[in-house]
Amino acid sequence: MSIRVLLVDDQALLRGTFRILLEATPGIEVVGEACDGSDAVDQVRSRPTDVVVMDIRMPGLDGIEATRIITGDKALAGVKVLILTTFETDEHVAEALQAGASGFVGKGIHPQELIDAVRTIAAGDALLSPAATRSLIQRFLAGRPPVRHAAPMLESLTGREREVVMLAAMGLSNDEIADRLGISVLTAKTHVNRAMVKLGARDRAHLVIAAYEGGLVRPSQ
C-alpha cells in the first residue's frame, strides 16, 4: 500500500514543490494539501492519511495545536505528524514533539531526505538521530524541576527494558544498544517496541520523552 501524505503549509509554492517530489516517488501518494492547522485537522478526519507534513508557523490554528488535536484523537491513532520547520532557529520544535509529532525536518531539506523522512515516520521508526532528539528534549525540559524518583509508569518495564530505554534516551541507536548489551539488534528492537507499548509511546521520540519525564534519565546526563 502507498503511504498517504497530507501537506500542510501556508505557502502554496512550497506545498506544490513537495507534492511534485512525493508524487514522483513510488509508494507515496499525496492525498491533499492544507493551508492552515484547522484545514489540516478537517482533512485528516475526512480522508485516510498516514503522514501529515506539518508546518509550525501558520495563520489561525498553528502547526503545534493542530498536531496536538490530531495526535490526541483516538480515531486518528495511526496518523503520524512530521513537523516542517526552520530547524536550527525554530524554538517550538521540542514543544511540537511534546504535542505528539513524530519528528521534524528543515525547510532546506534535500529532496531524498524528505522522502526518507516520510517513509521512516510511516514505519514508526526514529526519524532523527537519537542524539538530536535528546538535545531537543533536554532544552525543553531544562526549566523543569528535577524528578527525584522514577514515575510509576516506568514500573511496568522489566530490568532489561529499562536498560534499553535509558540507552535510547542517551542517544544510542538499536545497533549501538545491541553492541553495548551484548544482544542481537532484533532483540534490542524488540525491547524498544515492548517498552513503547507499555509506556504508550507513539514512536521512539516519545519513548525518549517518557524516559526524561519519568525520571529514568536526567537532562544533565
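Selection within the stretch 63-103: residues that are open to solvent by 10 Å² or more (accessible area, probe 1.4 Å) and at pLDDT below 80. The member of this set that is farthest from the chain's Cα centre (by Cα) is THR89.
Looking at the stretch 33-55, can you tell me whether even one residue there is basic (Lys, Arg), crowded, with 16+ Cβ neighbours inside 10 Å and touching a residue at least 24 places away in the same chain (Cβ under 8 Å)? Taking every residue of the stretch 33-55 in turn, none turns out to be basic (Lys, Arg), crowded, with 16+ Cβ neighbours inside 10 Å and touching a residue at least 24 places away in the same chain (Cβ under 8 Å).
Select from the stretch 181-208 the residues that are among the aliphatic types (A, V, I, L, M), open to solvent by 10 Å² or more (accessible area, probe 1.4 Å) and part of a helix (DSSP H, G or I) and list them in ascending order.
LEU181, VAL185, LEU186, MET196, VAL197, LEU199, ALA205
Listed by first and then second residue, the pairs linking a residue in the stretch 14-26 that is in contact (Cβ under 8 Å) with a residue 12 or more places away in the chain to a residue that is assigned to a loop (DSSP other than H, G, I, E, B), with Cβ atoms under 7 Å apart and 6 or more places separating them unless they lie on different chains, are ARG15/ASP9.
The values are calculated or read from the model by the stated rules, or taken from the named source; none is laboratory data. Because the structure is a prediction, the values reported are computed rather than measured. Neighbour counts are summed over all protein chains in view; Cβ atoms, including those assigned to glycine, are modelled from backbone coordinates with ideal geometry. Accessible surface areas use protein heavy atoms only, side chains included; no ligands, DNA or RNA. Shrake-Rupley method; radii C 1.70, N 1.55, O 1.52, S 1.80 Å.
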